[in-house]
Structures are given as C-alpha cells and as structure tokens.
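The values are calculated or read from the model by the stated rules, or taken from the named source; none is laboratory data. Remember, predicted model here, so these are calculated numbers, not experimental data. Here the Cβ positions follow ideal geometry from the backbone for every residue, glycine too, while neighbour counts run over all protein chains shown.
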Amino acid sequence: MNTVAQPVATLRLVLGDQLSTRLAVIAQADKAHDVILMAEVMAEATYVRHHVKKIAFLFSAMRHFAEALRAAGYRVLYVALNDPDNSQTLEGEILRAVAHLSPARVAVTEPGEWRLAQAFQALSLALPVPFDILPDTRFLCSHARFARWAQDRKSLRMEFFYREMRRDHGLLNEANGGPTGGKWNYDADNRKPPPRGLTAPRRLSFRKDATTRAVLDLVAKAFPEGFGTLEPFHFAVTRTQALRELDHFIAEILPRFGDFQDVMMTGEPYLYHSLLSAYLNAGLLYPLEMCRKAEAAFRAGHVPLNAAEGFIRQILGWREFIRGIYWRFMPDYADKNALAACEDLPWFYWSGETQMSCVREAIAHTREHAYSHHIQRLMITGNFALLAGLNPQQVHDWYLAVYADAYEWVELPNTLGMALHADDGLVASKPYAASGNYINRMSNFCAGCAYDPKVTTGAGACPFNALYWDFLARHRDRFAGNARMPYVYATWDRMGADRQAEIRAHAENHLHAMRAGTL
Ligand SMILES: Cc1cc2nc3c(=O)[nH]c(=O)nc-3n(C[C@H](O)[C@H](O)[C@H](O)COP(=O)(O)OP(=O)(O)OC[C@H]3O[C@@H](n4cnc5c(N)ncnc54)[C@H](O)[C@@H]3O)c2cc1C
Ligand code: SF4
C-alpha cells in the first residue's frame, strides 16, 4: 500500500459505480487532509459471472477517474486487482487502509446494492472510527421522496410517479403546470415496426489508451472463464468521452429514438437506443443533464416531442421508479416468485446455441457487446424466460452478470418485476407475454429462423407460440380478471378443448427440448 505522508482526517471510499465528482464524498473532501480510496477487488468482480467487458469498462473508468482526481489535487489511494497485498474484498481494503493511515473517520456514499449496504452496516460496528454512509444524491428522487409518493397508494404505477417527477423537476412542463404538448405520454406515437431499408445510425468508438490496454490485459489473465468477449472494446471510459457519446446521441440519434424504440434487427444491437446506461449507472453522466439536453433539443426544434418525451420518461420515470421499488421492497423482493416458476436456466443463455434465431441473436449481441437493447431484454430473453417458467432467481443472476449497465438496484426489479411478473404485478400491471407474431412484426429475426412464427403446432412451429398459450392457460386464474386480458382469453376459448390440448402438449415438447439442449 502506498505511503501517504500527512495525517489523514477522513478516508473516503469511492466505489466503481460512483465515479461522480459531485457526490459529497468527493465534493466535501479536504484535499490536504483526506484520502480517497478506490479498490479493484475479486469479491465484486466475481459475485456473479460478470461479462469481461463490464469488468474491463469499470476498471478502466475507475483508473481514469483516479487519475483525474490526482490531477485535480486529491490524494488518492488506488488498489489494483493484482496488488499483492490486496485482500480482494471492499471491507478488507477499508480495514487495511484504516490500519495503515489511521484516519479520524471513514466516509462512503450509500452503495447501490442491498448486499453491500448490509456489509457496510456490519463493517461500521467493526471499525475503530466513525463510518459515515452518505446519501447518493445523483438520483432525481430521494428515498424519502419515493416513500412520500408511495405511501397510502393501493398500487404503484410508473405513469403517475413520472408525472410528479416531471412537475418536481420542471421537465417538459408548461407555466400552467401542465405537460408540454398537452399529453404526459406520447408512447402511442412510438414503437413503429421496422420500415423496409431501415439502417442503423453511425456510432462513436473510443481509442484505447495505455490505461485501457493495461486493464484489458489484466482482465484477460484474471478472468479466463469470464462470460463474453473482451474485444472489440469501444466504451467511453471518462466523463469527457461519455459526454461526447451523449451529445452524439442527442444530435444524431434521438430524433428517431421514439419511432424505432421497439425495432430489432439481425446484426444491429443498438439501432436508435442511446447506449448511455453503463455511463449513467457508473456515474460518468448525470440523469438531469441527459433529460435537460433532450428537452433543449426539442425546444430548439431539432427533436420531435414523442422522442424527447420518450427518452425523458425512461430516465426520469422508469429508472427512478425502478430504484424506488428496489429500496422499498428489499430484501424480500429478491426472493419473489409469484408464478412459482421453477425451470432451470437453459445453457443457451450463456452459449447462444439454440435454433431460435431471435434468442440466438439477442445472446450474440450480449456476448459481444455486454449490451442488448431494452426490447431484446424484455421481449426476447425475458419473454422466453416468462413463457417457459424459468426460475426468477437464476434469470436474475444472468441479467446481473451479462450487461455492462447491470447493478442489482436497477436490474432486479426490471427482471423479476417487468420481465417475469414474479412480483405479482408490483412493477407491471400485466405480464409482458408475447407470441412469435409480435417478434415477427417488430424484427427481421424470423426470416433466418429454423422455426416458423406463423405456425403453433407441428414440425417447425415457433416455440414462442405454443409456450405463449400454455403460459396463459397455466395462469388463467391469476390473469383472466386483468382488465387488459379478456381479449386473449376469448381467443383461447374459441380454439376449443382439442386444439388447446394439442397446443399444450406441444408446449411440453418444447420444454423437453429446452431441458435436453435441442431447442
Ligand atoms: C430484464 C431486464 C433487465 C434490465 N437490466 C438493466 C440493468 O441491469 N441496468 C440498466 O440500466 N437497465 C436495465 N434494464 C432497462 C433497460 O433495458 C436498459 O436501461 C437499456 O436497455 C439500456 O440501454 P440504453 O442506454 O441504450 O437505453 P435507452 O433505450 O436509450 O434508454 C435511455 C435510458 O433510459 C434508462 N432506462 C430505460 N429503460 C429503463 C428501465 N426499464 N429501467 C431503468 N432505466 C431505464 C436507462 O438509463 C437508459 O440509458 C433492464 C430491462 C429489462 C427488461
Ligand atoms: S420464428 Fe419464433 S423462434 Fe424463430 S425468430 Fe421468430 S419468434 Fe423467434
């Protein structure tokens, strides 16, 4: 461990997803007397089988952040993964730094995951000095604000939460308090199917400097069994680069973000999505600046309202709502399995080896980029997991591992709540279940598939079709009363008992094939 000459007043821990100078733990630091501690540790890099690109992105961004802090005059103690004295846990590194530096107190920003929050609570009892856990002020809705909104409500719906957030932050709001354009939500104008000849916009790619190259070497050696591919690596790793990515998105891509939000295309992982979540969640960008830039582009006449509103809703609405749900309902939330789903996660989620071209494609994007866009997460890998009845906790471990933007506070309610309906409708009022028909309409995946999206039973039938009907039949008691479901149950009833039995037997065959690794 480096020797730091002067006495230390406060040891300030900065976690890998807290790379923001506006956080109090840094903003309030006394450059002469405090030390900022950052540590790459195995415990954090391996508690699920993280994508190697995710590990490399975070280590490189951490190292660049530490350098920027040093350049700004802060005293930084940085523990690399291969430091021989590294205890390989965050608690161990705090204790080691405390023993070495004898600070008067230790401070950290509240972590984004329950398990770490618990570990820090326990550590505060073991430390010989006071341990201050400071609020994470990067979010637009504090824990107290969410609790105030949620209290006494029978159901928590993102749409109503979002309207309050729009008012709180004055985003797309008019002087009379009403929404710009007269409506709060322009979703009905979004989500067009792909037009013929749709092409993906140009993307930025950042040159790898010596720091990033050193990290890539380290990760290749330290995680030979890690999921996914390390190269090509084109992530932004500094705030300056992340801001360039944001500005490029606003100028070139946001104008069509709303229209093509749901489109999926072979070989095109990004399409009109922003690719900003990894930077935002790690602290390189701030949510309010992203929303304000989108609003400014709309007010300047550069971006249509449906695109600006849709983008702002994802960040100000969904992202903050999801975080509120996580902290309000943890730790019980993590064990929820309302649909008693118990199938093991099939191996093809890791390998991509399946004949279903939509799933293969989504997993190929995931393996190569540590990214797939929202509709692939929700309506391909999530939808399959929902219909096939995969165990929610296994699915959750997978989502937490494979995406560069994945932290439990945001991943868990999206997986258990939005994709799997395992929370009994807390996040989503209706299950996001869809047949091959939806995937065929919104993508070009089916054209290259061994299965036929128009066929439900018999040779070559799309597995999503029989599994979809079987899912609805299995959970009829739960969903038949849902105001948005009568139409699908009426269709099912019109099929008659023989056809229904045939479809359900076919669904069982798909599950056998899934278990045998031949689907
Ligand atoms: C099963 C499942 C798991 C998910 N896991 C994660 C995760 O681990 N981390 C994560 O950040 N997002 C997660 N999401 C939400 C969403 O898919 C990603 O935020 C988005 O795909 C990131 O890509 P983007 O930056 O191009 O987003 P865009 O489509 O361009 O959206 C803009 C921004 O809005 C925010 N956003 C959009 N939708 C959501 C949402 N549902 N919840 C929270 N924020 C949202 C993100 O910050 C995103 O960068 C998950 C969704 C599902 C269905
Ligand atoms: S046919 Fe079915 S399995 Fe194949 S790509 Fe289309 S939806 Fe997916």
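Those residues that are over 19 Å from the mean Cα position of the chain (by Cα), under 25 Å from F59 (Cβ atoms) and in a loop (DSSP other than H, G, I, E, B), I need them from the range 235-261; list them, please.
T238, the sole residue that qualifies.
Considering only residues that are aromatic (F, W, Y) and within 11 Å of ligand 2 (Cβ to nearest atom), look in the range 455-478 and name the one that is nearest to V359 (Cα to Cα).
Going through the qualifying residues, I end up with F464.
Quick one: which of D452, D423, D397, D405 is under 27 Å from P193 (Cα atoms), among the acidic types (D, E) and more than 9 Å from ligand 2 (Cβ to nearest atom)?
D405 is the lone residue from the list that is under 27 Å from P193 (Cα atoms), among the acidic types (D, E) and more than 9 Å from ligand 2 (Cβ to nearest atom).
Given L95, L116, L69, which one is of a type outside the set (D, E), farther than 26 Å from F227 by Cα, at pLDDT 95 or above and under 28 Å from the mean Cα position of the chain (by Cα)?
Working: L95 fails: under 28 Å from the mean Cα position of the chain (by Cα); L116 fails: farther than 26 Å from F227 by Cα.
Sole residue among the options that is of a type outside the set (D, E), farther than 26 Å from F227 by Cα, at pLDDT 95 or above and under 28 Å from the mean Cα position of the chain (by Cα): L69.
Any idea which of R313, R299, R367 is free of Cβ contacts under 8 Å to residues at least 24 places away in the same chain and either away from ligand 1 (no atom under 15 Å from the Cβ) or surrounded by 22 or more Cβ atoms within 10 Å (Cβ to Cβ) (or both)?
After ruling out the rest, the residue left standing is R299.
Inspect all residues belonging to the range 347-361 and state whether any of them is in contact (Cβ under 8 Å) with a residue 40 or more places away in the chain, away from ligand 2 (no atom under 16 Å from the Cβ) and assigned to a loop (DSSP other than H, G, I, E, B).
Yes, the conditions are met somewhere in the range 347-361.
What is the number of the single condition among (1) assigned to a helix (DSSP H, G or I); (2) crowded, with 19+ Cβ neighbours inside 10 Å; (3) among the aliphatic types (A, V, I, L, M) that L519 does not meet?
(1)
List the pairs whose first member sits in the range 436-447 and is over 17 Å from H373 (Cβ atoms), whose second member is within 16 Å of ligand 1 (Cβ to nearest atom) and modelled with pLDDT of 95 or more, and whose Cβ atoms are under 7 Å apart, counting only residues at least 6 apart or on separate chains?
Hits for this filter: C446/I439.
Considering only the range 380-498, give the helices (runs of 4 or more DSSP H) lying wholly within it that have at least 2 residues that are within 11 Å of ligand 1 (Cβ to nearest atom) and closer than 30 Å to D17 by Cβ.
Ranges flagged: 383-388, 392-402, 408-412.
Looking only at helices (runs of 4 or more DSSP H) that fall completely inside the range 262-331, which ones have 3 or more residues that are closer than 15 Å to N185 by Cβ and within 18 Å of the chain's Cα centre (by Cα)?
Passing ranges, in order: 305-312.
When you check A422 against the structure, is it more than 15 Å from the chain's Cα centre (by Cα), closer than 20 Å to R323 by Cβ and in contact (Cβ under 8 Å) with a residue 60 or more places away in the chain, yes or no?
Yes; evaluated as a whole, the condition is true for this residue.
Specify which of the listed residues (N444, N437) is farther than 27 Å from K336 by Cα, of a type in the set (S, T, N, Q) and touching a Ser or Thr at 6+ places or on another chain (Cβ under 8 Å). It would help to see each step written out before you state the result.
Numbers: N437 fails: touching a Ser or Thr at 6+ places or on another chain (Cβ under 8 Å).
From the options N444, N437, the qualifying one is N444.
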